[in-house]
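Only one structure is covered here, and it is reproduced in the block below.
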Amino acid sequence: MRRQSNDRPGDECSVAWQLQNGRSRVQRGIAADGFKGDYPYAGVTVVAENRNSEEDPSASITVETVRDVFAEGVAFGVEDALRDSLLEANEIILDKKLGGCSAAAIAFSGTHVWYAMAGNCRIYVIDSDGTSCIVRDQSAANELKMFPDHPDYSKRIRELKWWIGSPREDKPVCGHARIKQDTTFLILTAGGWTQLESKTTVVHRKGAKKTLEGWLSSISRDMKLAYRRQGGALGAVSGEHSGSGGSIPWKSWVYIAGFLGLIGFLVFANPFSGDVEIEDKTDLFSADSVEEIVQPIFADTASSTNVSHNSSVLGSFADSLLHGVGETEEPLIPDITAELPLQMVQVGGIIPALSPDTFLVSLNSEPDIQWENFAPGIYSIRGDTASSTLAQIVCSAYPDLEVIELDRIITVRENGVSESARWLSSLSPDSAAGTGVIVETRSSVAGGAEWIRNYPLFANGNREDRAGEVGGFMGDSLPELPSLRNPRCYRLVVVL
């Protein structure tokens, strides 16, 4: 990593985070989020896990509080800002009398990183010397130096000395370090680090060709978090970058290489000449060529928004995603397996024949236009890779429906009726125009008020079965939005 006089690397550090729900519907809620600022403003990534059931929003409150503090711009006193943001979340959770959560966060700027942890998360550093844990959990198991094979280990790691929302007077464990080009800092909730400590997962970054997002996806798959009861949240900051400030990004080199290869093909293979023998022509679409040119562009881009809309490519995936998730050799579709199954609402029609491995469908079979506002279409979230990709897949099943992108989809449930109703009714028409609303309450939120016409989508979901769950939103936030980002809320709506 090239260091300049202002202590800024030639290119910013990489940051990524990932949330992977487990197989159990009754699990402690988990959350992950972050922010990447332009130097000298610090970026951050944060993960959290509830002490109690998923009905408690403590984890979401914590990650959003930390993220918002840094999104406002932190250039000085980064360690203080990190600690204070966690203590602010602590006060909010205490005031709301919630169950609390464990959390870990890493802030970074230039060649410096600052970290903080509370509860039973852990922080690791991975470099050329291997993997080491620099901050351990504040649990009874760690205090007693128990090993994972101890019969009481799983019970004792839940007995915490301090956590976010604890009534005891204490503070997060904080620290500072310098980050090098071959160094990665990794934060994990308990569902992840317990697998790492059990030696079932080998973590390394040296010589890795994957993006940081792709690397986290690989760790999640190796830990089999999607198949474990709890799941887990993880985040990372890496000193690896694409090059110095004046260099061309590696993806641009791939595009250039592909273009030059095509020019060479046209010039030397002369495909327009009838005298050239077939066996002498260059096959640009051979297995080797596809691996060299196409694969690096889209591999491991679970958070990328550059989703191909080529219907011929998506068509080859439609059956596997509509009827079951299976392996495929197509390299152009982003890896969205960590996001599945996707929360979805269908308005009108009968229960769709969609694979439960890919879609978790709530059905509103008898919509009422008096209380709802919508037009036929497939509503996805702009910039959400999984939502956009699966919208195109569903489009192959409903070719007459247009894909309509929204900035966010808000899910209103019983725990937030009054606050949501006040906020939704006062939202400006411009902001409402990019907002979809799914209502799952036992009583009406708007009562058919005229302001619901400002929303391109204002429809009911499964009001009977899901009204008791925690509401929230997915997509871009808005000022004073009274709900929290919740990955168990809807990201795709199909209106027939």
How much net charge surrounds residue 33 when only other residues with a Cβ under 12 Å from its Cβ are counted (Lys, Arg +1; Asp, Glu -1)? +1
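What does the charge count around residue 69 come to, taking other residues whose C-beta lies under 9 Å from its C-beta (Lys +1, Arg +1, Asp -1, Glu -1)? Could the numbers behind the result be given before it?
Details: positive: 67; negative: 68, 72, 84, 88.
Its environment carries a net charge of -3.
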Considering only the other residues whose Cβ falls under 12 Å of the Cβ of residue 407, what net charge follows from Lys and Arg at +1 and Asp and Glu at -1? -2
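Can you order the peptides 163-175, 374-386 by their average number of other Cβ atoms within 10 Å per residue, highest first?
Highest mean packing first, the order is 374-386, 163-175.
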Once the whole set of protein chains is in place, how much accessible area is left on residue 36, using a 1.4 Å probe, in Å² to the nearest 10? 100 Å²
Flagged as over-length at 27 Å C-alpha distance, from 36/97; 36/161; 97/171, the pairs are 36/97; 36/161
Mean Cβ count within 10 Å, highest first, over the residues of peptides 129-135, 189-195: 189-195, 129-135
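The values are calculated or read from the model by the stated rules, or taken from the named source; none is laboratory data. Please read these numbers as outputs of a predicted model, since none were measured by experiment. Note that each Cβ is placed from the backbone with ideal geometry, even for glycine, and that neighbours are counted across all protein chains shown. Keep in mind that these areas ignore ligands, DNA and RNA; they rest on the heavy atoms of the full protein, side chains included. Shrake-Rupley method; radii C 1.70, N 1.55, O 1.52, S 1.80 Å.
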